[in-house]
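Structure, as structure tokens:
The numbers here are math on the coordinates, done by the rules we state, and not lab data. Computed from a prediction, not measured in an experiment: that's the story for all the values here. All Cβ positions, even for glycine, are placed from backbone atoms using ideal geometry, and neighbour counts span all protein chains on display.
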Amino acid sequence: MTPLKWCVPGVSTCTTRRVGAIWTASTTWLTWVTATRTWSRPAHGKWGSSTPTRASSTTTWCCTLRGCRPRCPAASPSSTLSTLVTALSDPHALLNSRSEANDLALRLARQYSGSQDIVTLDNAYHGHVTSLIEISPYKFHHKPNASHPPFVHVAPSPDVYRGKYRRDHPDAAKAYADEVRDIIRQVQSKGSKVAAFIAESLQSCGGQVVPPAGYFQRVAEHVRQAGGLFIADEVQVGFGRVGAHFWAFQLQGDDFVPDIVTMGKPIGNGHPMSCVVTSREVAQAFATSGMEYFNTFGGNPVSCAIGLAVLDVIAKEDLQGRALRVGGYLTSLLEKLKEKHPLIGDIRGRGLFVGVELVRDRTQLTPATAEANEVICRLKEQLVLLSADGPHRNVLKFKPPMCFSAEDADFVVGKLDAILTEIEAATGLKSASIKNGENNVRKTMAELDKHTPCHLSDLACRGVELS
Ligand SMILES: Cc1ncc(COP(=O)(O)O)c(C=O)c1O
């Protein structure tokens, strides 16, 4: 695991700068050490207190080289668990969602900068609460007038396949970052100021977009110069999924560190919990607001124990290494498929986060939306759950559980191969006759276009992990 680069308030030793603090919610510092050498005992702090208070005497911490675990002497783990599971099965447990994390990130940035304005990326999705729908074009584009508040500014998605600047551009990272700079200038020209730029480290609902390396550094420079912060949403892509790194923002290079990172889905492996990580400076700016952050279930011992167990499994089973190896293998199989199938326009991604963009025409990039829907429905019939996403819902989204194996990759790519073969034969995209496939062809192109969507793609971004 690659360590985070933050030192945190109240941590007694931070010599190696290898201590990351996960602010699970209001009252608990859960310290997470990814280094092999140093553990530091965390202090407990509250949002709103400028000097974190010491751990209370009722809580002891068991620290090993791998991590610190809170122990609750008042109750055995099982009774603590049974008490809190009931509480967590209550709908209020949903408060510990990734939307909460992003909403808190916005509050932090707004408090820090003293401004409201947010720059978000086109096609982005950051959560289901009002403050996040406002900054999620993936959602508000579907409103009848596609409106968003005047303090929200949409920058082009840094998509080098279909976006404004493509792979043939001499410096797409700079070109996309300059778009953000121009937005910041426009905001300033109206006498306002940008509080934050927010982006997923790799866009997921937005179509498995991998921003060109160097883009985040340049954006961060523009945003910070303007007094704002860079928020990296790692809700879908964090925790080793990208293989080469534990965090997807690290793909941009060692010289990039966001100001705020939000974490979610994989953190609890299905358990509802989320995190916000930030710098001391930003946390202190929030603390001075005088408005304490309160969250009833945030940071409860059960969630913390689950979070720590997940980290243990990621380390013990080398899931990050697995994502690198199996993801690389999956991508190589898909690349071979691309040579065979004209429907496949682009393969992109990292580790076990891969997108396959389907197009009817590799030159025009006409989105093969109906075909993508057909693929996911046909796969579903064969018990393989995949989703189609992106603005045109034509990007097959591979985001399997981290235990995904090379055999699983062979299996799903084999199925995909057969389905694409049939669709291409049916639509005439491939003139060559397909062995054993002709009798199985189910739909003509016209029928595909009329096909009732099976709604899988929508489910994927509504919190149902399909792939
Ligand atoms: C990137 C991203 N951020 C935030 C969220 C919101 O998560 P939740 O639905 O748990 O609030 C999601 C959910 O899909 C997401 O994909």
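Distance from the C-alpha centroid of the stretch 174-192 to that of the stretch 333-407: 34 Å, rounded to the whole angstrom.
Rounded to the nearest whole Hz, the Karplus-based 3J(HN,Hα) values (6.51 cos²θ - 1.76 cosθ + 1.60, θ = phi - 60°) of the stretch 101-116 follow the sequence 4, 5, 5, 5, 4, 5, 4, 4, 5, 5, 5, 4, 8, x, 9, 9, with x at glycine and proline.
What chymotrypsin sites (Phe, Trp or Tyr not before Pro) does the stretch 275-315 have in DSSP loop regions with at most 12 other beta carbons within 10 Å? Mind dumping the intermediate values first?
Values: sites: Phe286, Tyr293, Phe294, Phe297; in loops: Tyr293, Phe294, Phe297.
Sites meeting the loop and neighbour criteria: Phe294.
Pairs exceeding a 30 Å alpha-carbon distance, out of Lys338/Lys380; Lys340/Lys397; Lys139/Lys399; Lys193/Lys397; Lys164/Lys190: Lys193/Lys397. Most simply put, the stretch 139-285 has about 40% antiparallel DSSP beta bridges, counting only bridges with both residues inside it.
Counting other C-beta atoms within 10 Å, and keeping those with at most 13, which DSSP coil GluC sites (Glu not before Pro) do you find in the stretch 227-327?
Working: sites: Glu234, Glu281, Glu292, Glu317; in loops: Glu234, Glu292, Glu317.
Passing both the DSSP loop test and the Cβ count: Glu292, Glu317.
With the gyration tensor restricted to C-alpha atoms of the stretch 97-271, the semi-axes of the equivalent ellipsoid amount to 21, 20, 16 Å, longest first.
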